[in-house]
Amino acid sequence: MLILIVALAFAVTMVGGFLPAYASLFTHARMSRALALRSGLLLAVAFGDVLPEAWSADPRLAGAAAFAAFALCYAAEYFAMGDSCHEAVEDCHSHALGAAALVGILAHSFVDGINLGAARLAGVHTLIAAGGAVIVCHFADGFTLTTLFSRSGFSRAAVVGLLASVGLTTAAGAFVTGSSASGLAQGPTSMLLGFAGGCFVYVGAADILPRLHRDRDPAALAFFGAGAAAMAGLHVLLR
């Protein structure tokens, strides 16, 4: 299942990267709603599965790892463009699209893979939900990366190489975690799950909070609820 999710994430990144010609399909409102859907999935996964599993193993280690992940995500987002979906929706002008942005994007993709491997420890339904959130964002990433970097003077070949690198870096993170997670002791398992949960909370909150009192879009709330409901439905189906 993990291999399938990683392969889909790679595929949709590439597909999204070839769709800038259809920019009218990716309006600000639609991107915002897609991120609200991802937030619903990620926050439901974090609070309903990943963090409870982490607490049950070792609460102190889990809490420390969750806080460290949240702080790391915040620091990374401050210094470099980590999630291009946020940049596209927020019309952010604080990050130059250069070397720092490239490092931030690849680091974000690698952590996506690590968190997918960690989500597998909490069960198949958690992995599917987390994978769905990653796939939604990677599709949007493909479109926004092509658009942002093409406008900044990067060649078409360089942009395609970046898209492939994003997908492969996610696969590398999943391989690193997935190949060793099953044999980990209780303490490292708790830390790994806590770290994933902290990342999910940060990304999920960052998707929706900046626009909460600025964009009065009831549909975004509905998409958020749909993401959370999808996670609940998944629990019922896989029970």
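Quick look at the numbers
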item: Selection from region 147-168 of residues that are modelled with pLDDT of 80 or more, within 21 Å of Ile135 (Cα to Cα) and not polar (S, T, N, Q); result: Val159, Val160, Gly161, Leu162, Leu163, Ala164, Val166, Gly167, Leu168
item: Residue within region 185-206 that is of a type in the set (A, V, I, L, M), exposed (fewer than 15 other Cβ atoms within 10 Å of the Cβ) and in a helix (DSSP H, G or I) present; result: no
item: Residue list for region 201-218, filter: under 26 Å from Thr27 (Cβ atoms), touching a residue at least 24 places away in the same chain (Cβ under 8 Å) and out of contact with any Ser or Thr (no Cβ under 9 Å at 6 or more places or on another chain); result: Tyr202, Pro210
item: Hits in region 207-238 - residues which are among the small types (Gly, Ala, Ser), in contact with a Lys or Arg (Cβ under 9 Å, 6 or more places away or on another chain) and either over 18 Å from Ile135 (Cα atoms) or surrounded by fewer than 17 Cβ atoms within 10 Å (Cβ to Cβ) (or both); result: Ala219, Ala220, Ala222
item: Filter pass, Arg30 being among the charged types (D, E, K, R) and at pLDDT 90 or above; result: no
item: Residue among Ala76, Ala62, Ala68, Ala34 that is surrounded by 24 or more Cβ atoms within 10 Å (Cβ to Cβ), part of a helix (DSSP H, G or I) and touching a residue at least 12 places away in the same chain (Cβ under 8 Å); result: Ala62
item: Pick from region 67-87, criterion modelled with pLDDT under 85 and of a type in the set (Ser, Thr, Tyr), ranking: farthest from Ser190 (Cα to Cα); result: Ser84
item: Number of positions in region 110-160 that are part of a helix (DSSP H, G or I), among the small types (Gly, Ala, Ser) and touching a residue at least 24 places away in the same chain (Cβ under 8 Å); result: 12
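The values are calculated or read from the model by the stated rules, or taken from the named source; none is laboratory data. Remember, it's a predicted structure, so these values are computed and weren't measured experimentally. FYI the Cβ positions are ideal-geometry reconstructions off the backbone, even for glycines, and counts take in every protein chain you see.
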